[in-house]
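Participant: My questions all concern the structure below.
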Amino acid sequence: MRKTFPSGLDKERNVVPSAAMAKLQGFEFWRRTLKGARFVVAPMVDQSELAWRLLSRRHGAQLCYTPMLHAQVFVRDANYRRENLYSEVCEEDRPLIAQFCANDPDVFIQAAQLAQDYCDAIDLNLGCPQMIAKRGHYGVYLQDEWELLEKMIRLADAKLSVPITCKIRVFEEVEKTVRYAQMLERAGCQLLTVHGRTKDQKGAVTGIASWEHIKAVRAAVSIPVFANGNIQHLSDVERCIQETGVQGVMSAEGNLHNPALFEGCSPPVWEMAEEYLELVKQHPPCSLSYIRAHLFKLWHHTLQIHQDLREDLAKVKTVNALADVSKQLRLRCQVEISEGREVEEESSVLPFPHWICQPYVRPAPKEPVTNGNSQGSGVKKTTCQKRALEDSDGTADTLSKNKQKKRSRNPNKNFCPEQKPKYIKCEECGNPKGNKCVFNLCRGCCKKKAFKEVADCPSHGLRFKTKAEKQKAQLEVKEQEEQEEEKEEKEQNEEEERRSSASGPAAALSRTASTAEP
C-alpha cells in the first residue's frame, strides 16, 4: 500500500531507513538489494513517475529509476521533495534508485541524504545531453571534469547509507571511455549504466548506440554494468546481454512506446493505456502533463491517422477527459478491426497494425537544400541542418516541425533573429526592462525598488503604495470607530450615573415616610 504523509512533515518522522543493514557493494548489492535485476526502466524526466513505474513492473521490469531530480531544488524546497519522492513511497515500487543531477559535492550529498531512506541507491546523472543540462552545467557536460566527479562519488560513498551509482555516456574513443569508467569505480561507484552514445548523439542525429564501448567497459571494471541504447524488443535485450556481457539492460524510449517490452509481447495500445490510467487514479496525484505525454507516446502511430483526436488529446484539461479521448481511439481501432479495413497508408511501413504497441523509429534528418542542390558531405549536412534552419528566412519548407506548429497558431510569428525587436536593457541588471516601467527596470529589480520606496509600478502590476495607503485608511477607519464606541460607552456611563444620583434622594424620602406612619 502506498504511504502518504501530512503536509509539512519531513522524512525523519515517517520512514524507517531502508539501509538499516550494512551497506552492500558491487555485485553483492546487485544480487541482494536489486535482486539480480536484468530488465531496467530508465530515469526519464517527467515520464518515469510512480504510476508508470508500477505499470512497467507489472509487465516485466525488475528495477526502476525515479525521474531525474535536481539536487539543489531538492535541498531547498520541501514541496519539491514531497511531490517528487516522499509522496511516491509504495511497497510495490522496489527496488528503486533515485537519480539526481548536481555539480556541487556538498549540495549533492545533502540531497542524497534527504532521499536515501526512500530508495535502494542514489544515482548521479552524468548522461543527460539536453541544452538545459548544458546551461545548468550537469549531466554529460561534467564528463571532462574527472577531479570534481571523483570528489562527488567519494563523498557519496563515504557518507550515504545506500550505494552510489552512475549513468554515463561514452566518449568517441573506447580507451577514454574505459578510463572514465575505471575512475568512477575507484571513486566508489557500485554500479555503472553506460549509454552507448556520445553527448552529441541526440535529437535528429541520435544514431545507433555503440555496444562495443559498453562491452569494453564491462570487461574493464569489476562492478555490475547496465547497457542502454538500441533496445526496442526483448530479443534486443537478450542479444545485448550476450554480446556485451552486461548484468542488465535499461530501456527508455522503447519502454515508453511499449511498457510490456520486457515481457516480450506487443499488446493492443488501449490495454496499456487503460491500465496506466487506472494506476494513475489509484496513486494520485499525477501531473496532467505526465499523463498526456504517456498517452501521446502510446497512441503515437494511431494519432498519425486520427488527427482530430490528436487535437482533442492536446487540449483537454482533466484525467477523465484524457481517458475519454483514449476510449474514442480504442473504439475507432476496434471498428477498423471488425471491418477488416486495410492498414492506412500512414502506418503501412509499420511491422504491426498501428493499434499495437511497437517501437518508434526516429526518422533520418532531412538534407538541407539550396537552389535545388544538396551541398557538402552527408556528415556535414546532418550536423549543420539545425544552423541552416536558424539562418533561414522562416519559410514553411525550412522551418522545423515545432516552429511550423507555432506558425500555424500565430501566422505573424517571426523566426528571423535579425528581425526580432531589440529590447532596452534594465538599468540595474541588464535584462530586458519593462516597456512602461516607471523605474526603467526589469520586473525583478522593479519589485525590489518599489518595495523599498513603497511605490507603484502599474506596468509590472506592483501596488505597494496603493496597498500601504489602503491599509492606512483601514487603520484610520478602525481607530475612528473605536473612538466613537468609547465616546458612546462614556456617555452611557454618565447617563446611568445621573439617573442613579437622581433616584437616590427620592428613595430615601419614601423610606422615611413609610417608617413615620403609626
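The values are calculated or read from the model by the stated rules, or taken from the named source; none is laboratory data. No experiment lies behind these values; they were computed from the predicted model shown. Quick reminder, even Gly has a Cβ in these numbers, built from the backbone with ideal geometry, and neighbours come from all protein chains shown. Heavy atoms of the whole protein, side chains included, go into the accessibility calculation; ligands, DNA and RNA do not. Shrake-Rupley method; radii C 1.70, N 1.55, O 1.52, S 1.80 Å.
Participant: Of Phe108, Ser48, Gln72, whose Cα points farthest to the positive end of the dipole of the range 27-116 (charges on the beta-carbon: +1 Lys, Arg; -1 Asp, Glu; origin at the Cα centre)?
Facilitator: Projecting each Cα onto the dipole axis, the largest value belongs to Ser48.
Participant: With +1 on each Lys and Arg Cβ and -1 on each Asp and Glu Cβ, and nothing else charged, work out how big the dipole of the range 9-141 is about its Cα centre, in Debye to the nearest 20. Intermediate results must be reported in sequence, preceding the final value.
Facilitator: Numbers: 16 positive and 16 negative charges, 76 e Å.
Magnitude of the dipole: close to 360 debye.
Participant: Which one of His257, Pro268, His300 is farthest out on the positive end of the charge dipole of the range 234-334, using unit charges on Cβ (Lys, Arg +1; Asp, Glu -1) and the Cα centre as origin?
Facilitator: His300
Participant: With +1 assigned to the C-beta of every Lys and Arg and -1 to the C-beta of every Asp and Glu, and no other charges, what is the dipole magnitude of the range 262-311 about the Cα centre in debye, to the nearest 20?
Facilitator: Values: 4 positive and 7 negative charges, 45 e Å.
That gives the range 262-311 a dipole magnitude of about 220 debye.
Participant: Quote the convex hull volume per residue of the range 240-351, based on C-alpha atoms, as a whole number of Å³. Mind dumping the intermediate values first?
Facilitator: Numbers: hull volume 14.9 nm³, N = 112.
Considering the Cα atoms of the range 240-351, their hull volume per residue is 133 Å³.
Participant: Based on the inverse mean of 1/r over its pairs of different Cα atoms, what is the Kirkwood hydrodynamic radius of the range 149-243, in Å?
Facilitator: On the way: mean 1/r = 0.0718 Å⁻¹.
Taking every pair of different Cα atoms in the range 149-243, averaging 1/r and inverting gives 13.9 Å.
Participant: Which value, in debye to the nearest 20, gives the size of the charge dipole of the range 205-258 about its Cα centre, when Lys and Arg are +1 and Asp and Glu are -1 at the Cβ? It would help to have the intermediate numbers written out before the result.
Facilitator: Working: 3 positive and 5 negative charges, 28 e Å.
With Lys and Arg at +1 and Asp and Glu at -1, about 140 debye.
Participant: Oh, and also: Tell me the per residue accessible area of the range 206-290 using a 1.4 Å probe; a whole number in Å² is fine.
Facilitator: 37
Participant: What do you get for chymotrypsin sites (Phe, Trp or Tyr not before Pro) in the range 426-482 restricted to DSSP loop and a cutoff of at most 10 other Cβ within 10 Å of the site's Cβ?
Facilitator: none
Participant: Okay, moving on. Tell me the carbon and sulfur percent of the accessible area for the range 236-363, rounded to whole percent, probe radius 1.4 Å.
Facilitator: 50
Participant: Can you list the residues, at least 5 places off or on another chain, whose amide H is less than 5 Å from the amide H of Lys167, using H built in the peptide plane?
Facilitator: Those lying under 5 Å, H to H, from Lys167 are Leu124, Leu126, Thr193.
Participant: When the expected Rg is taken as 2.2 N^0.38 Å, what fraction or multiple of it is the alpha-carbon Rg of the range 48-121?
Facilitator: Normalised Cα radius of gyration, the range 48-121: 1.09.
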